[in-house]
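Report on the structure given below.
The values are calculated or read from the model by the stated rules, or taken from the named source; none is laboratory data. On a predicted model such as this, the values are computed, not experimentally measured, just so you know. Please note: Cβ atoms are built from the backbone with ideal geometry, for glycine as well, and neighbour counts cover all protein chains shown. These area figures cover heavy atoms from the full protein model, side chains too; ligands, DNA and RNA do not enter into them. Shrake-Rupley method; radii C 1.70, N 1.55, O 1.52, S 1.80 Å.
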Amino acid sequence: MGKNIITTPRYGKNFKDRLYLPAIYEGCKVTFKHFFTNINNSNAVDTLEYPEEQPSDITSRYRGLHRLTHRADDTIACVACFMCATACPSDCIFIEATERDDNKDEKMPKSFSIDTLECIFCGYCVEACPCDAIRMDTGIFSLTGNSREDFVLNKDQLLSYKGAFGEENSCARS
Amino acid sequence: MSMASIIVAITAFVLGALLALLTIPVLVWLERRTAGLVQDRLGPNRTNIFGFRLGGVVQSFADVVKLLIKEEYYPSHIKIGRWLFMLSPIITFTAALLAFMVIPFADTLIIDGEALRMQPLPVEYGVFWYLAIGSVGVIGVIFGGWLSHNKYSLLGAMRATSMVVSYELPLGLAIISFIVTYNTVDFNAMVQYQTDTLFGFLPSWGVFLQPLASIILIVALFAETNRNPFTVAEGESEIVAGYMTEYSAMKFAMYFMGEYVAMNTASAVIITMIFGGYQLPYVSTQMLLENFNYFAYALIVLVPAFTWWMISFMRKNNRVRPSVTTDSGRIFETKVITIFLLFLAVVVDAILLYLSLIPNVLATQIAVTMIQVVIFVLKLMAFNMFFILIRWTLPRFRYDQVQSLGWNYLLPLSLFNLFVTAIVVVGVN
Ligand code: SF4
Ligand code: SF4
């Protein structure tokens, strides 16, 4: 002890600090400076002119819209195990299973839909999936629609999205 | 009542109503854009009508339309005092609006020996009117918070009440110091008093005559308008929206707009009391009338210079970046506004030239009044900008801190200031 104690100075006790007005002046200097530089050249403000400019810095770890992956022969990778639906904290994955007839696996989803209005984009479904069948690597960050139903993505829509970062097919099912 | 007096009364009223109401969308827009620019963002600049975005001010009108056609939701748990619940935003809004109505925009016009005041409400006891009506606004806040039957609203209303008891006294005492100094309760006479010079070089503005009272006045008016750093009645992080929590659609908009009208009123009171009102420093109305030609010549040079500056500012900033391909009609907008501004400058110059070449007493008077109105609006907007920039600079006070500021510092200071003022005034006379 003793040696390593650093006494930080206490502010706010002397007259100048208690007067408060000099501090306001200092603060105003900063905000006014920002204001006047930016109003003078508003094109230099470092923002994205969305939607004309699109973000270019989406990393491969970004959790975008979901998609269902394919196997090498373009069939669905999902085996309808309901792991994702179980893991989902917002209960927004709805799966109906059916028998699979191409001898690849026993089951596949008849319908698979995600209500993206309920989804919180936590990524638990991706973590839970044993088949690498559901992914959030589409890089899509905005979804628009005119009604609530437009936001419930069905199996075909989910299968139609492409991965944005190279890995296209499921890594666990071939 | 002569024809002239009726015309002047109507003009003053319309001007006052326009200044109070039309500044609301402008102020909302100004606030949002300023916030953006201070924080290195741009703020709303997209909404447009046929490609005319006017820097984004159209957004405010779109917001008003949105609020008007929103569902009128009435919280079902409020069983008693429904009508008062609905009435309270109106009380706040109307109080702020009425308080604005005693501010003079220009000097008293004298036509055919008849003195016509350029105030929407031509009264001689403006300060009392302002004090009486201005404080009513908070009653709407308290009613609204109480009748919402909601803990957040109740807390918000309670804080608003605690604010009133802490700032009203210093505000009143500071204003009394001004009344003692100027020896009048008439806003117009106060402005007249401030056209003199002090020690030969300073304009005798209240801010130089009474620096301490001026600071107290500004601080207290910040508190009265519920602006930062005194936004204790609402607090996102603690009590949601405070007294406004249960209000929606146009009821909410009334509170919201009332806040901006109150800010506008406070700015008007501040510039009228301590920054010389509608007068240019050193220049009295008499001087303007007598030497109108010189002012007209100066303006003939200044108006095109200002227009040129506005156009070059617009050409520099109203365009998209090189990285964006579509310009969404900005070049066309710039062109049209440039032509409009040039046309306006030419018209104003022509009128000024005509007036300076062919002297006409009545026309000169009207021109001087208009110049004063313009000066008033410029000063008003400058002070509103100050209000807005302060909001984006300072953090919020805790409400007990506001109380201790009011009672422990501002009240003794304003009392002290009042004593000194009284002694000096009595000693000098
Ligand atoms: S991201 Fe989270 S909330 Fe969305 S579907 Fe997957 S598990 Fe459910
Ligand atoms: S997506 Fe994965 S976890 Fe979900 S049902 Fe299909 S295989 Fe199972």
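List the residues of the stretch A:21-39 for which accessible area in the full set of protein chains is at least 10 Å² lower than for the chain on its own; 1.4 Å probe, protein heavy atoms only.
At a threshold of 10 Å² (probe 1.4 Å), the residues of the stretch A:21-39 that become less exposed are A:21, A:24, A:27, A:28, A:31, A:32, A:34, A:35, A:38, A:39.
If you average the sequence gap of Cα pairs under 8 Å that are 6 or more apart and divide by the length of chain B, what percent do you get for the contact order? If you can, show how the numbers build up before the last one.
Working: 588 pairs, mean separation 95.6, N = 429.
Relative contact order for chain B comes out at 22 percent.
Determine the calculated [θ] at 222 nm for chain B from helices alone, applying -39500 (n - 2.57) to every DSSP H run no shorter than 4 residues and normalising by the residue count; nearest 500 deg cm²/dmol.
Numbers: 17 runs with 288 residues, N = 429.
My calculation for chain B gives -22500 deg cm²/dmol from helical runs alone.
Expressed as a fraction of 2.2 N^0.38 Å, the rule-of-thumb size for a compact globular protein of N residues, what is the C-alpha radius of gyration of the stretch B:10-81?
Details: Rg = 16.7 Å, N = 72, 2.2 N^0.38 = 11.2 Å.
The stretch B:10-81 yields a ratio of 1.49.
May I ask you to give the percent of accessible area on the stretch B:204-334 that is carbon plus sulfur, with a probe radius of 1.4 Å? Please report the intermediate quantities before stating the final value.
Values: 3700 of 5250 Å².
The nonpolar share, carbon plus sulfur, comes to 70 percent.
What share of Cα pairs, in percent, lie more than 20 angstrom apart in the stretch B:259-372? Could the numbers behind the result be given before it?
On the way: 3890 of 6441 pairs.
The answer is 60 percent, as a whole percent.
³J(HN,Hα) across the stretch B:71-83 via Karplus (A = 6.51, B = -1.76, C = 1.60, θ = phi - 60°), whole Hz, x for Gly/Pro?
4, 7, 9, 10, x, 6, 7, 8, 9, 10, x, 4, 5
Could you work out the mean projected area of the convex hull around the alpha carbons of chain B, in square nanometres to one decimal? Present the calculation step by step, with values, prior to reporting the outcome.
Numbers: hull surface 97.6 nm².
Averaged projected area of chain B's Cα convex hull equals 24.4 nm².
Starting from the amide H of residue A:97, placed 1.01 Å from N in the peptide plane, find each other amide H under 5 Å away whose residue is 5 or more places distant or on another chain.
A:110
Label the stretch B:93-250 by shape, choosing from rounded, prolate and oblate, from the square roots a ≥ b ≥ c of the eigenvalues of the Cα gyration tensor; if a/c is under 1.5 it is rounded, and otherwise prolate applies when a/b is larger than b/c, oblate when it is not. Write out the running numbers ahead of the final one.
Working: a/c = 3.10, a/b = 1.84, b/c = 1.68.
Note, shape of the stretch B:93-250 comes out prolate.
May I ask for log10 I(q)/I(0) of chain A at q = 0.12, 0.14, 0.15, 0.20 Å⁻¹, from a Debye sum over the Cα atoms as equal point scatterers with solvent left out?
Normalising to I(0) and taking log10 leaves -0.68, -0.79, -0.87, -1.34.
Counting protein heavy atoms only and a 1.4 angstrom probe, how many square angstrom of accessible surface do chains A and B bury in total, to the nearest 100? Mind dumping the intermediate values first?
Working: alone 12680 and 21540 Å², together 31830 Å².
Protein heavy atoms only, the A-B interface buries about 2400 Å².
Note the full-extension length gain between residue B:135 and residue B:286 as 0.36 nm times their separation in residues minus their Cα-Cα distance, in nm to one decimal.
Numbers: separation 151, 0.36 × 151 = 54.36 nm, distance 3.54 nm.
Additional length available on full extension: 50.8 nm.
Output wanted: per-residue J couplings in Hz (rounded whole) for the stretch B:220-228, from phi through Karplus 6.51 cos²θ - 1.76 cosθ + 1.60, θ = phi - 60°, x for Gly and Pro.
Once rounded to whole Hz, the list reads 5, 6, 4, 5, 4, 7, 6, 9, 4.
Using a cut-off of 28 Å between alpha-carbon atoms, which lysines can reach residue B:70, once sequence neighbours fewer than 8 places away in the same chain are excluded?
Filter leaves B:79, B:151, B:251.
Would you mind working out the accessible area per residue for the stretch B:11-156, using a 1.4 Å probe, and quoting it in Å²? Intermediate values should be presented prior to the final figure.
On the way: 7030 Å² over 146 residues.
On a per-residue basis, the stretch B:11-156 sits at 48 Å².
Just to verify a number: FRET efficiency for residue B:332 and residue B:298, C-beta to C-beta distance, R0 = 30 Å, to 0.05? Please report the intermediate quantities before stating the final value.
On the way: r = 35 Å, r/R0 = 1.15.
So the FRET efficiency works out to roughly 0.30.
Per DSSP helix of 4 or more residues, -39500 (n - 2.57); summed, then divided by the residues of chain A. What does that give at 222 nm, rounded to the nearest 500?
Numbers: 5 runs with 41 residues, N = 174.
Theoretical 222 nm ellipticity from helices: -6500 deg cm²/dmol.
Output the lone cysteines of the protein assembly as shown: those with no second cysteine's C-beta under 4.7 Å from their C-beta.
Unpaired cysteines in the protein assembly as shown: A:28, A:78, A:81, A:88, A:92, A:119, A:122, A:129, A:131, A:171.
Can you list the lysines whose alpha carbon sits under 25 Å from that of residue A:16, skipping same-chain ones fewer than 8 residues off?
Straight-line reach from residue A:16, under 25 Å: A:29, A:33.
List the residues whose amide H sits under 5 Å from the amide H of residue B:106, counting only those 5 or more places along or on another chain, with H placed 1.01 Å from N in the peptide plane.
Under 5 Å from the amide H of residue B:106: B:118.
If exposed means no more than 15 neighbouring beta carbons inside 10 Å and the site is in a DSSP loop, what's the longest run of chain B without any exposed chymotrypsin sites (Phe, Trp or Tyr not before Pro)? Each step should come with its number before you reach the end.
Details: sites that count: B:50, B:73, B:125, B:199, B:201, B:282.
Longest stretch, sites excluded: B:283-429.
Note down the relative contact order for the stretch B:97-218 as a percent, whole number, built from C-alpha pairs under 8 angstrom at least six residues apart.
On the way: 118 pairs, mean separation 27.2, N = 122.
The normalised contact order for the stretch B:97-218 reaches 22 percent.
Taking Cα pairs under 8 Å and at least six residues apart, what relative contact order does chain A come out at, in percent? Write out the running numbers ahead of the final one.
Working: 233 pairs, mean separation 43.8, N = 174.
Answer for chain A is 25 percent.
Per residue of the stretch A:123-137, what does 6.51 cos²θ - 1.76 cosθ + 1.60 with θ = phi - 60° give for ³J(HN,Hα)? Whole Hz please, x for Gly and Pro, Karplus curve as stated.
Working through the residues one at a time gives x, 5, 4, 5, 5, 6, 5, x, 10, 6, 8, 10, 9, 10, 9 Hz.
Residue separation times 0.36 nm, minus the C-alpha to C-alpha distance between residue B:404 and residue B:429: what's the value? Mind dumping the intermediate values first?
On the way: separation 25, 0.36 × 25 = 9.00 nm, distance 3.65 nm.
Value of the extension gain: 5.4 nm.
Ignoring ligands, DNA and RNA, what accessible area per residue does the stretch A:63-170 give at 1.4 Å, in Å²?
Details: 5780 Å² over 108 residues.
Here the per-residue accessible area is 53 Å².
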